[in-house]
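Here the structure is laid out as structure tokens; the discussion comes afterwards.
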Amino acid sequence: MFDPPKKILIIYTSSGAGHKKASEAIRDVFIKSHKDIELGFIDSIEFTNPLFKSIYPNGYEFIVNNIPLVWGFFYYLLDMKCLFWAVSKLRRIINYLNCRNVENYIIKNNPDVIITTHFLPVEVISSLKRKRRFKGKLITVVTDFGLHSFWVSKEVDRYVVATELTKRDLLERGISENRIDVLGIPIRSVFVTKKDKRELLSKLGAKEGVFTILIAGGGFGAGPVGILFKNLAGLKYDKQLFVVCGTNTRLQGALETAAKDFPNICKIFGFVENMDELMRVSDILIGKSGGLTCSEALALGTPMIIVSPIPGQEARNTKILVKCGAAIELKNLSDINELVERIILNKEILKNLSENSKSLARPEAARDIANLTLSL
């Protein structure tokens with residue numbers, strides 16, 4: 001008979017919204033169903049020095065929004081096997097200089113298990129385990145469908161991944177099979193709870209029986225959201241548009257003004273907390289391929305058209321989802337109207353995308369990760 005863990009720490013890194021949302025989903029399961037657990041929940045960035053705290057998330061946002069090709073270049077360069085050793089050494093030095101307070105927090109609190117949804121804490125905790133300064137278990141939840149070497153560490157006790165293809169990638173990178181669990185990317189419980197579509201349409205001020213398009217640019221409102229809106233707003237078929245601009249207030253304002261010129265229902269949103277409702281009432285989701293957004297859409301069976309994925313993790317996510325028949329990648333923005341028209345006229349396309357999405361979905365990932373944690 002084993003003693004289940006009593007003290008659990010969940011660590012995320014606020015670089016993009018997805019890592020935090022995934023961590024919150026796991027945290028909420030523990031709060032709701034395992035109240036006897038002593039639970040910690042921290043953002044690793046908040047424990048770093050002021051310069052690193054500013055550069056790390058803001059630098060990422062600037063690069064992916066303004067010079068994504070530069071991000072893609074370094075993403076693939078730093079994932080090359082021939083550079084793995086040198087890059088690992090450099091990362092350890094950088095993390096040592098900037099993340100000592102994270103190390104001190106872990107040593108002081110000494111949790112039985114740490115769950116992390118970002119690769120930055122993986123390296124920090126792995127270093128502590130190598131030095132035997134932390135003897136608990138480390139669970140790494142990979143929040144993308146594709147993988148990068150930054151996630152890989154022999155000190156990780158269990159990996160949680162989204163698909164069998166992700167698992168295969170980890171195996172090829174030297175991680176043993178008994179340390180990999182295909183449980184999915186954790187999403188909030190609202191994506192699992194059943195809701196009435198007719199009531200949601202009424203709440204959102206939309207019509208029933210009209211082809212509904214959801215355009216989303218992720219938490220940053222990145223990508224060609226404006227171009228997509230202007231093209232699709234002029235589509236000759238009866239339709240209604242929802243557009244989520246995230247934190248991009250300039251884009252939101254511009255589209256709210258532009259929407260007045262179109263007769264169809266056009267709802268423009270900023271950062272939203274009801275993404276599940278928007279996805280539930282939409283016939284198609286058009287946008288980026290972040291790990292969390294895709295997992296949420298899969299759970300609801302919402303077909304996806306992926307446009308302009310960021311080179312790197314989003315490109316790898318796209319490749320896997322397209323290969324599994326759960327999404328269509330639009331290579332040329334000028335073809336968006338033609339593609340949507342084809343989908344409107346051929347309901348079989350939507351049906352197949354939705355069925356493949358549901359077969360790939362793992363909506364109970366957060367609960368399953370909590371159960372895995374308690375079984376260690």
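Residues that are assigned to a helix (DSSP H, G or I) and either of a type in the set (Lys, Arg) or outside the structural domain of residue 281 (by TED's automatic domain parsing) (or both) do not occur anywhere in segment 330-339.
Answer yes or no: is there a residue in segment 250-264 that is among the aromatic types (Phe, Trp, Tyr) and crowded, with 19+ Cβ neighbours inside 10 Å. No, the conditions are met nowhere in segment 250-264.
Here is a yes/no grid of residues against (1) crowded, with 21+ Cβ neighbours inside 10 Å; (2) free of Cβ contacts under 8 Å to residues at least 60 places away in the same chain:
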{"site": "90", "(1), (2)": "no, yes"}
{"site": "99", "(1), (2)": "yes, yes"}
{"site": "115", "(1), (2)": "yes, no"}
{"site": "118", "(1), (2)": "yes, no"}
{"site": "133", "(1), (2)": "no, yes"}
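Restricting attention to segment 194-236, the residues that are of a type outside the set (Gly, Ala, Ser), without any contact (Cβ under 8 Å) to a residue 12 or more places away in the chain and farther than 17 Å from residue 264 by Cβ add up to 4.
Look through segment 22-50, keep the residues that are within 27 Å of residue 162 (Cβ to Cβ) and polar (S, T, N, Q), and return whichever of them is modelled with the lowest pLDDT. Residue satisfying both the conditions and the ranking: 33.
When 198, 168 are checked against the criterion of being more than 22 Å from residue 293 (Cβ to Cβ), basic (Lys, Arg) and outside the structural domain of residue 310 (by TED's automatic domain parsing), 168 stands alone in meeting it. Put simply, of 315, 366, 297 the only residue that is surrounded by fewer than 24 Cβ atoms within 10 Å (Cβ to Cβ), hydrophobic (A, V, I, L, M, F, W, C) and touching a residue at least 24 places away in the same chain (Cβ under 8 Å) is 315. For segment 318-348, name all the residues that are hydroxyl-bearing (Ser, Thr, Tyr) and surrounded by 15 or more Cβ atoms within 10 Å (Cβ to Cβ). The answer is 318, and nothing else. Taking the numbered list (1) closer than 30 Å to residue 288 by Cβ; (2) hydroxyl-bearing (Ser, Thr, Tyr); (3) at pLDDT 85 or above in turn, residue 15 passes all entries but (3).
Against the test of being over 18 Å from residue 150 (Cα atoms), among the hydrophobic types (A, V, I, L, M, F, W, C) and free of Cβ contacts under 8 Å to residues at least 40 places away in the same chain, the options 77, 39 yield a single qualifying residue, 39.
Regarding segment 246-258, can at least one residue be identified that is within 30 Å of residue 67 (Cα to Cα), among the β-branched types (Val, Ile, Thr) and not assigned by TED's automatic domain parsing to the domain that holds residue 311? So far as segment 246-258 goes, no, none of its residues is within 30 Å of residue 67 (Cα to Cα), among the β-branched types (Val, Ile, Thr) and not assigned by TED's automatic domain parsing to the domain that holds residue 311. Beta carbons closer than 6 Å, at least 6 apart along the sequence or on distinct chains, pair a first residue in segment 6-22 that is hydrophobic (A, V, I, L, M, F, W, C) with a second that is in a loop (DSSP other than H, G, I, E, B) and at pLDDT below 90 for 17/219.
If the condition is being within 14 Å of residue 195 (Cα to Cα), at pLDDT 95 or above and assigned to a loop (DSSP other than H, G, I, E, B), then segment 274-300 contributes only 282. Scanning segment 242-301 for residues that are closer than 29 Å to residue 356 by Cα and among the acidic types (Asp, Glu) gives 273, 276, 277, 283, 296.
The values are calculated or read from the model by the stated rules, or taken from the named source; none is laboratory data. The structure presented is a predicted model; accordingly, all values stated were derived computationally and were not measured. Heads up, the Cβs are rebuilt from the backbone with ideal geometry, glycines too, and the neighbour counts pull from every protein chain shown.
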